[in-house]
Amino acid sequence: MKKERSLAGKWKQYGALTLIVQLVVACSGQGTAPPPADNGAQATKASAATTPVTDGKLIVAFGDSLYAGYNLDQGKGLAPVLEQLLNAQGLKAQVVNAGVSGDTTAAGLARLAFTLDGLPRKPDLMLVGLGGNDMLRGLAPKETRANLDAILTELKKRGIPVLLTGMMASPNMGPDYASAFNAIYPDLARKYDATLYPFMLDGVIGNRALQLPDGIHPNDKGVAIIAARIAPLVEARLDE
């Protein structure tokens, strides 16, 4: 509870209304780096086909702009940085970038099967990070919950373990909205026995040195911090 109040305070540092406007533009791909027209499906398949896993772990990072490497140079997004970190720690793995800027949970659900079917084999782990765009567009938390529930249901059906990275509602969405939205991730993590990283931007939000000029997306230094925090959870889940 104390940590949630601290994180909420960092959201407020830049002004909630300004933050919402910036995020809607940036995360929807209307800025300088629009999402690919194929919703990332071809990019996912190409990444998997270029360096197919043979004797290592196959991990898929399935999310929105925070996964896609929004406005970062090639090789600086979450998937390649996490892959390099895991390999440096002795865990041979390929992390496929299946992030699409602007994706809502509904859009993610719509492309889930196509993404999975385009992989060379069943993933050993799926990172799921969606919901931020739902919140920014004011979509009902029950819709976000239902879509994420459906995504996790499909992954469970396919026998794919999950690491769920959560998001928090911006303070100006109001306490009722925040209460309903913020509960989605821990609730679903418990329901599906998924590993939970409670807040994707923990350690980055509120620190301009770790963010792009939009004041929210991580720069390469921010991505490195996020990857370093997620890596131990990935290793622990794979060990299970």
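The values are calculated or read from the model by the stated rules, or taken from the named source; none is laboratory data. The structure displayed is predicted, hence computed values, not measured ones. Every residue, glycine among them, receives a Cβ derived from its backbone with ideal geometry; neighbour counts consider all protein chains shown.
General remarks:
- Within the stretch 113-127, being among the aliphatic types (A, V, I, L, M) and either within 20 Å of Thr195 (Cβ to Cβ) or buried (at least 19 other Cβ atoms within 10 Å of the Cβ) (or both) holds for Leu116, Leu119, Leu125, Met126, Leu127.
- Members of the stretch 164-201 that are in contact with a Gly (Cβ under 9 Å, 6 or more places away or on another chain), under 19 Å from Glu235 (Cβ atoms) and not in a helix (DSSP H, G or I): Leu164, Thr165, Leu196, Tyr197, Pro198, Met200
- Filter result for Val95 (buried (at least 19 other Cβ atoms within 10 Å of the Cβ), closer than 26 Å to Gly215 by Cβ and not small (Gly, Ala, Ser)): no
- Of all residues in the stretch 183-221 being more than 24 Å from Gln84 (Cβ to Cβ) and among the small types (Gly, Ala, Ser), the one that is surrounded by the fewest Cβ atoms within 10 Å (Cβ to Cβ): Ala183
- Subset of the stretch 145-159 that is aliphatic (A, V, I, L, M) and buried (at least 18 other Cβ atoms within 10 Å of the Cβ) - its residue that is nearest to Ala194 (Cα to Cα): Leu152
Listed here are the residues, each with its yes/no results for (1) at pLDDT 95 or above; (2) over 14 Å from Leu127 (Cα atoms).
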position: Phe181; (1), (2): yes, yes
position: Ile184; (1), (2): yes, yes
position: Lys191; (1), (2): yes, yes
position: Ala194; (1), (2): yes, no
position: Gln211; (1), (2): no, yes
position: Asp214; (1), (2): no, yes
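- The one condition in (1) touching a strand residue (DSSP E or B) at 6+ places or on another chain (Cβ under 9 Å); (2) more than 20 Å from Leu139 (Cβ to Cβ) that Asp220 fails to fulfil: (1)
- As a summary of the residue check, Ile216 satisfies the conditions (1) among the aliphatic types (A, V, I, L, M); (2) farther than 14 Å from Gly132 by Cα; (3) assigned to a loop (DSSP other than H, G, I, E, B) except for the one numbered (2).
- For the stretch 222-238, the criterion of being part of a helix (DSSP H, G or I) and farther than 24 Å from Val95 by Cβ is satisfied by no residue at all.
- Residue check for Ala224: modelled with pLDDT of 95 or more, surrounded by fewer than 17 Cβ atoms within 10 Å (Cβ to Cβ) and among the small types (Gly, Ala, Ser): no
- Odd one out for Asp202 among (1) acidic (Asp, Glu); (2) within 17 Å of Lys76 (Cα to Cα); (3) within 14 Å of the chain's Cα centre (by Cα): (2)
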